[in-house]
Amino acid sequence: MNALVDTSPYVARRERVFAAIGDDIAILPTAPEVLRNRDTGFLYRHDSHFYYLTGFAEPEAVLVMVGGNERKAILFCREKNLEREIWDGYRYGPDAAREVFAFDEARPIAQLADDLPALLSDRRVVHTPVGMNASWDAQISASINAVRGLSRTGVSAPSTVTDLRALLDDMRLIKDSHEIALMRRAGAIASQAHARAMRFARPGQYEYEVEAEIAHEFIRHGARTPAYNHIVASGPNACVLHYNDSNRRMQDGDLLLIDAGCEYAGYASDITRTFPVNGKFSGPQRDVYQAVLDAELACMEVLKPGQSFNTYHGVAERVLSQRLLDLGLLKGTLDEVLEQKTFTKFYMHRAGHWLGMDVHDAGDYRKQGVWQTLKPGMVLTNEPGLYIRPDADVPEHFWNIGVRIEDDVLITTDGNENLTAATPKTVAEVEAACAR
Ligand code: GLY
Ligand code: MN
Ligand code: MN
């Protein structure tokens, strides 16, 4: 019944947390279940930090890590329950969960409130998410107050509650080999989905028909959920950055911008490709596409260890600005365009973000005002774009062209690895993929 779980990555991450907390205690709940309507819930998604340290995907679970001499990792989880398992499916229960996921102890979640005061007694610092969830904050406060109530028996209550997420954010910024393997797979599945969309799309179809092809390719590879809501945006919709309606009928001559990535075993991919619905770029479409592609490729060159996180954002702005000037879409000198940021009329977002379990992943971009330096094991997206809305100052043949090209990039010891390199990207590759 119980699948074999490779617990070594989770145990190794917990070791690092034990080392960081010393004699203190860390307490980490997973995500709550969320109602969608009346009796129906959203498909359950665990909390990423919790999963990172446990590999345990059931709801109603809390990890407690007691440091110091007693040093132990305790999982609180749902008990076995035949009736609930008939309706909702298998649950591990504490005994099997302890064994399968290599915890020192496991206890029923119903015991958590009763057990916390004893676990908190004589600990100075509680490491837990602070301000993430009001009812969790209240539960921690109540447990600490319960310890205070016992002070005459000689125990002392923690004096400090500190946010465990800061430590976990830093850890998650550098992916380990287990995570990198899963992210390669998430990238490969999403690459295939984009190629499938290029093969499938034709004028006259609705955007949702193409979205269905993407979803099909994700799910048939075991990636049951998207990492974020798909953007399948044709014609003028490509210039709406977070377009989510997918209900327009695609026309001959449209570009189709698809931003779609899957979640595979808890890890996200995040790919954007833009292609002509009829299979051939028009002249102006090709010019804008090539400008974005040149920016994306120039960014790839500076995505390597030792570079500031901010460097590639500057490269994207510089290349896109120069090409906007070349195309006559902006006026002035390159320095003026960059200084006055007039490029933001057509390029109004950043060049990318950390990627991991969350599509906009954990981790600071700046520390004390200084941009992070890229290091091996970091994963980020590279996603410049240009979006040209109808405008009296813009030649009409450019109107409604929206192009973004987005890949997922792992920083390696000597440069980078493009996790989504299999996705057609050059003009020739895209047109060939559309022709199949
Ligand atoms: N799809 C979300 C993003 O590209 O940031
Ligand atoms: Mn994206
Ligand atoms: Mn992205």
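The values are calculated or read from the model by the stated rules, or taken from the named source; none is laboratory data. The model shown is predicted, which means the values in this text are computed figures rather than measured ones. No Cβ is skipped: glycine too gets one built from the backbone with ideal geometry, and neighbour counts run over all protein chains shown. Remember, those area values only see protein heavy atoms, side chains included, never the ligands or the DNA or RNA. Shrake-Rupley method; radii C 1.70, N 1.55, O 1.52, S 1.80 Å.
Which net charge results for the neighbourhood of Gly131, defined as the other residues with beta-carbon distances under 9 angstrom from its beta-carbon, given Lys and Arg at +1 and Asp and Glu at -1? Local net charge: -2.
Local charge sum around Leu28 (other residues, Cβ-Cβ under 12 Å, Lys/Arg +1, Asp/Glu -1)? That works out to +1.
What the range 156-314 shows is 37 Å² of accessible area per residue, with the surface traced by a 1.4 Å probe over protein heavy atoms.
Where does the range 69-115 land on Rg/Rh, using Cα atoms and the Kirkwood Rh?
Working: Rg = 11.8 Å, Rh = 11.3 Å.
Ratio value, two decimals: 1.04.
The range 209-257 and the range 1-48 have Cα centres separated by 31 Å. Among complete DSSP H helices in the chain, none has alpha-carbon atoms stretching at least 30 Å along the helix's long axis together with a mean Kyte-Doolittle hydropathy reaching 1.0.
As an exercise, identify the chymotrypsin sites (Phe, Trp or Tyr not before Pro) in the range 216-309 lying in DSSP coil whose Cβ has no more than 15 other Cβ atoms within 10 Å. Present the calculation step by step, with values, prior to reporting the outcome.
Values: sites: Phe218, Tyr228, Tyr243, Tyr264, Tyr267, Phe281, Tyr289, Phe309; in loops: Tyr228, Tyr243, Phe281, Phe309.
For chymotrypsin sites (Phe, Trp or Tyr not before Pro) across the range 216-309 that sit outside H, G, I, E and B with at most 15 neighbouring Cβ atoms in 10 Å, the list is empty.
Remark on the range 181-268: Rg and Dmax equal 12.8, 40 Å (Cα only).
Structural descriptor for the range 11-87: relative contact order 31 percent, calculated from alpha carbon pairs under 8 angstrom and at least 6 residues apart. Considering only Asn229, Asn247, Tyr264, and ranking their Cα positions along the charge dipole of the range 222-284 that arises from unit charges at the beta-carbon of Lys, Arg, Asp and Glu, the one farthest toward the positive end is Asn247.
I want the local charge near Ala435. Using Cβ-Cβ distances under 13 Å, sum +1 for each Lys or Arg and -1 for each Asp or Glu among the other residues. Value of the local net charge: +2. Remark: accessible surface ordering of Lys425, Lys375 (largest first) is Lys375, Lys425, probe radius 1.4 Å.
Dipole size in debye (nearest 20) for the chain around its Cα centre, Lys and Arg Cβ +1, Asp and Glu Cβ -1? Don't jump to the answer; show the numbers that get you there.
Numbers: 47 positive and 61 negative charges, 29 e Å.
Approximately 140 debye in magnitude.
So what does log10 I(q)/I(0) come out to for the range 377-436 at q = 0.12 Å⁻¹, using the Debye formula with one equal point on every Cα and no solvent? Once normalised to I(0) and log-transformed, intensities are -0.47. With the alpha-carbon atoms of the chain aligned to their principal axes, the span from lowest to highest coordinate is 80, 51, 39 Å, starting with the largest.
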